[in-house]
Amino acid sequence: MAPVKLRIRVTPRAANDELCGWQGKQLAVKVTAPPVKGAANKAVIKLLAKALGLRAADINIISGQSSRDKMVAIEGHSRQELLQRLRKALQE
């Protein structure tokens, strides 16, 4: 199964780690970590893994490592299943 790609817009140094919802075709995410030495990227992966019920190892940032706009690849699940999990996480 090919990895599912997801566009993300990250706000570092936020008050809380949270999924904020969709902004067009991007998922808006806030993390408390600063954008220094990959800390915000690690926080994004950890937040997504927790929200989706996945292992952090299943999620990779494939572009935008030093940008607010990122593309992540998620392994081992269908796009439909991941979108269902995201909808559920956004409702909580």
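Please treat every number below as a calculation from the coordinates, not as lab data. Keep in mind that what you see is a predicted model, and the values were worked out from it rather than measured. Every residue, glycine among them, receives a Cβ derived from its backbone with ideal geometry; neighbour counts consider all protein chains shown.
Here the Karplus relation 6.51 cos²θ - 1.76 cosθ + 1.60, evaluated at θ = phi - 60°, turns the backbone of the stretch 55-62 into coupling constants of 7, 4, 5, 7, 10, 10, 7, 9 Hz, with x for every Gly and Pro.
Label separation (Val36 vs Asn60): 2.9 nm, computed from points 7 Å beyond Cα along the C-beta direction. Across the stretch 16-28, coupling constants 3J(HN,Hα) worked out from phi with the 6.51/-1.76/1.60 Karplus curve, θ = phi - 60°, read 9, 7, 7, 8, 9, x, 8, 10, x, 9, 10, 8, 7 Hz, and Gly and Pro carry x. Here the residues Glu81, Glu18, ranked from fewest to most Cβ neighbours within 10 Å of their Cβ, fall in the order Glu81, Glu18. Based on C-alpha pairs under 8 angstrom that are at least 6 apart in sequence, the chain has a relative contact order of 32 percent. Across Asn41, Asn60, Asn16, mean-square fluctuation computed from a Gaussian network of the chain (C-alpha pairs under 10 Å connected) peaks at Asn16.
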